[in-house]
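Input: a single structure, listed below in structure tokens.
The values are calculated or read from the model by the stated rules, or taken from the named source; none is laboratory data. None of these values were measured; they are calculated from a predicted model. When we count neighbours, we look across all protein chains shown, and the Cβ atoms used for this are built from the backbone with ideal geometry, even at glycine.
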Amino acid sequence: MVLRLDRGLFQLGDFNDYHAILGVPVDATPEQIRRQYLQIVRRLHPDRLQGDRQQLRETSTLVLARVVNPAYNVLSQPQRYQDHCLALQAKAQQARNLQISIRAMHEAAQKLAVSAQMQQDYQALIQQLATDLYGSLSEIEDQVNRLSELNLVFLLRSPVVVESPRVSPVSTTPSLSTTVTVTEPAAATATTTADRVSGYLRRAEDYVSKQAFAQAIAELRDALRLDANDSRCHALMGSIYLQQNQLTMARVSIRRALTLDPQNAQALEAQRQLNQRDPKSAAPAAPPQGKRGLLGGWFGKNK
């Protein structure tokens, strides 16, 4: 399956409209981005898709790994998010210079171009299209292209759409408290980070209890972005991969957990179970070299 994404911002050279891929507006907050990502993960679960189960499982897994996850990885990391927003503004200027025709876009984009309430209509149209985004694998291409056309029209009519405060994810500190933040002891900051990691971990454990493994993995990835050396997160991630019979991924996560904390009970139990299923896991093995080119050219573009 190759997605031909060649409308809206996608048509402006080598550029991926990650906001369109996730179905969020270009001025979305970090919490909006995260919430939409989790909804997409749920929609891509094979049990919720109609058709041949094995084929759907393979396709939905690849869509998640090759399309959705890369978009979320960019928009959920402050520096990469900031770089992408700068690229968005550059692409908007490029579109102005090229005088791209809006008349060739779908009807909703054309209406947005002349809307008197552009901001409100843009948000509503994005939400409407994103409601069932990835609900049907056969409609992904058209849905994402339409979302990108809306983004392009919005950018063309809004010279500045991304404010610098949005670069910092999930921040609830008011701007007036800057002085307090500057003088805050390092220990308090560390405690706050630990509390946030524990929150992600609790939510992940709750998802595991409901066998919502994809959502649990998403929570753990967010936690590890805050603290990449939290052995509890690596141990739980290894256990989840083990339950899904993804032994290679389980081995990597369990090994990392035990490297960080050799006495981690969950990691030790997961290692014991892994050794029973795959005896070679008992001995250290060199990590395989990464291979490139799997589903190369996923994003098909017209030249």
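Regarding segment 176-194, can at least one residue be identified that is closer than 30 Å to Leu44 by Cα and either at pLDDT 85 or above or not in a helix (DSSP H, G or I) (or both)? Scanning segment 176-194, I find no residue that is closer than 30 Å to Leu44 by Cα and either at pLDDT 85 or above or not in a helix (DSSP H, G or I) (or both), so the answer is no. Of all residues in segment 109-140, those that are assigned to a helix (DSSP H, G or I) and of a type in the set (Phe, Trp, Tyr) total 1. All conditions in (1) in a helix (DSSP H, G or I); (2) farther than 19 Å from Gln11 by Cβ hold for Gln143, with the sole exception of (2).
For segment 127-154, the set of residues classified as small (Gly, Ala, Ser) and surrounded by fewer than 24 Cβ atoms within 10 Å (Cβ to Cβ) consists of Ala130, Gly135, Ser136, Ser138, listed by residue number.
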